Amino acid sequence: MTRTRTRTARAYVWLTPLEKETWNAKAAAAGMNLNEYIRCCVERRKITLAPPEINRITAVELSRIGVNLNQQVRAMNTALASGQYISNIDEALATVNEVTLAVQKLQLELIGE
């Protein structure tokens, strides 16, 4: 059974509007609310920034590319194992070129062009 902590005691910190805005921005960049961020700072816990959205998008796209390549290779291996001649080698090459273009597109997105 997991024990949950209920926080009932309060501690107050007075901030200028600029400080609060700055702290909120730092907390948001770390994927935390302000309370969590302040606790991490006070307890000197390591604060890791949330990964950029482009990283998530890139991971999804790379996963799709990997699935497509795997399906293509599996189909070719199945054909070869059953003694079939691969007549669509041009299609396989076109798929490889398509993957190359997709990877290049992702690279440009990552560097912001």
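Values computed for the structure shown
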read-out: Per-region count, the range 70-104, residues assigned to a helix (DSSP H, G or I) and either at pLDDT 80 or above or in contact with a helix residue (DSSP H, G or I) (Cβ under 6 Å, 6 or more places away or on another chain) (or both); value: 8
read-out: Some residue of the range 54-76 being touching a Gly at 6+ places or on another chain (Cβ under 7 Å), closer than 28 Å to A102 by Cα, among the hydrophobic types (A, V, I, L, M, F, W, C) and surrounded by 11 or more Cβ atoms within 10 Å (Cβ to Cβ); value: no
read-out: The range 77-105, subset of a type in the set (S, T, Y) and surrounded by fewer than 10 Cβ atoms within 10 Å (Cβ to Cβ), residue nearest to T58 (Cα to Cα); value: S87
read-out: Any hit, the range 28-51, residues being assigned to a helix (DSSP H, G or I) and surrounded by fewer than 10 Cβ atoms within 10 Å (Cβ to Cβ); value: no
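The values are calculated or read from the model by the stated rules, or taken from the named source; none is laboratory data. Computed from a predicted model, the values in this text were never measured in an experiment. For neighbour counting, all protein chains shown are included, and Cβ atoms are generated from backbone atoms with ideal geometry for every residue, glycine included.
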